[in-house]
Amino acid sequence: MFVDTHAHLYLENFENDISATIERSINDGVQKIFLPNIDFSTIEPMRKLCHQFPQNCFPMLGLHPCDVKENYESDLETILDYIKEKLNLFPENKIYAIGECGLDYYWDKTFVPQQKKALEMQAEWALEMNLPIVLHTRDSFYDTLKIIEPFAKKGLTGVFHCFSGSMEEANQLLKLDTFLHGNWRSVDLQKCRNRRNRKKSTT
Ligand SMILES: [Zn+2]
């Protein structure tokens with residue numbers, strides 16, 4: 001059996017054929033799919049899909065670095081409220097990881113200090129709650145490593161996703177033996193985001 005550690009299948013791009021998409025995935029051996037929300041607005045569609053396919057889709061909660069803006073602290077509070085007070089809204093009253101979160105310097109560097117702070121806060125949640133973390137790391141390798149390494153030494157586990165670094169950088173990550181390393185998926189997410197924004201601006 002394969003496990004997909006990171007898919008945004010609840011986005012509207014998939015809504016017309018989501019059952020067929022998941023059925024194909026199961027038939028091809030990918031029976032477990034972990035779904036990170038992106039921001040506050042994507043919690044509900046993610047939650048619904050997990051209820052629709054409770055044997056196959058599993059929820060994760062965090063704030064994506066591209067959605068860290070001026071008001072990131074209140075966004076994080078809203079997400080934390082789901083984790084602490086509203087877990088009963090998810091199948092089996094639980095989430096499986098914190099994320100996705102991380103640092104993305106590729107699309108926009110306006111909120112780099114806020115991105116760092118938001119990542120630190122979410123790494124603290126993950127460690128406190130004994131949950132893995134899903135890290136989005138794009139053009140931000142050394143800053144991510146600097147923040148995550150002390151947490152990894154305290155036992156934080158997780159997945160590096162959207163890793164855009166070099167082989168040498170990957171080798172440094174391999175030393176964090178509590179972490180797995182994922183492939184590059186953010187382009188797909190950005191396409192979805194662009195499409196979503198285009199739709200918003202035309203309606
Ligand atoms: Zn993602």
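The values are calculated or read from the model by the stated rules, or taken from the named source; none is laboratory data. Quantities reported herein were computed from a predicted structural model and do not represent experimental measurements. For neighbour counting, all protein chains shown are included, and Cβ atoms are generated from backbone atoms with ideal geometry for every residue, glycine included.
Go through the range 133-169 and report how many residues are more than 22 Å from residue 96 (Cα to Cα) and within 12 Å of the ligand (Cβ to nearest atom).
1
So if I check each of 14, 34, which one is closer than 24 Å to residue 162 by Cα, within 16 Å of the ligand (Cβ to nearest atom), of a type outside the set (Ser, Thr, Tyr) and in a helix (DSSP H, G or I)?
Selected residue: 14, the only one of 14, 34 that is closer than 24 Å to residue 162 by Cα, within 16 Å of the ligand (Cβ to nearest atom), of a type outside the set (Ser, Thr, Tyr) and in a helix (DSSP H, G or I).
What number of residues within the range 110-122 satisfy the criterion of being assigned to a helix (DSSP H, G or I) and within 17 Å of residue 138 (Cα to Cα)?
Summing the residues that are assigned to a helix (DSSP H, G or I) and within 17 Å of residue 138 (Cα to Cα) in the range 110-122 gives 9.
Of the residues that make up the range 60-77, is at least one away from the ligand (no atom under 14 Å from the Cβ), aromatic (Phe, Trp, Tyr), modelled with pLDDT under 95 and under 23 Å from residue 159 (Cα atoms)?
no
Select, from 5, 42, the only residue that is within 16 Å of the ligand (Cβ to nearest atom), β-branched (Val, Ile, Thr), within 25 Å of residue 115 (Cα to Cα) and modelled with pLDDT under 95.
5 is the lone residue from the list that is within 16 Å of the ligand (Cβ to nearest atom), β-branched (Val, Ile, Thr), within 25 Å of residue 115 (Cα to Cα) and modelled with pLDDT under 95.
Quick one: is residue 96 of a type in the set (Phe, Trp, Tyr), within 15 Å of residue 80 (Cα to Cα) and outside any helix (DSSP H, G or I)?
Yes.
Go through the range 90-105 and give me each residue that's surrounded by 15 or more Cβ atoms within 10 Å (Cβ to Cβ) and within 18 Å of residue 36 (Cβ to Cβ).
The answer is 90, 91, 95, 96, 97, 98, 99, 100, 101, 102, 103, 104.
So which residues in the range 80-96 are within 16 Å of the ligand (Cβ to nearest atom) and either acidic (Asp, Glu) or in contact (Cβ under 8 Å) with a residue 40 or more places away in the chain (or both)?
96
Of 54, 59, 45, which residue is in contact (Cβ under 8 Å) with a residue 24 or more places away in the chain and part of a helix (DSSP H, G or I)?
45
Considering only residues of the range 115-145 that are modelled with pLDDT of 95 or more and over 17 Å from the mean Cα position of the chain (by Cα), which is surrounded by the fewest Cβ atoms within 10 Å (Cβ to Cβ)?
Per the stated criteria, the residue is 128.
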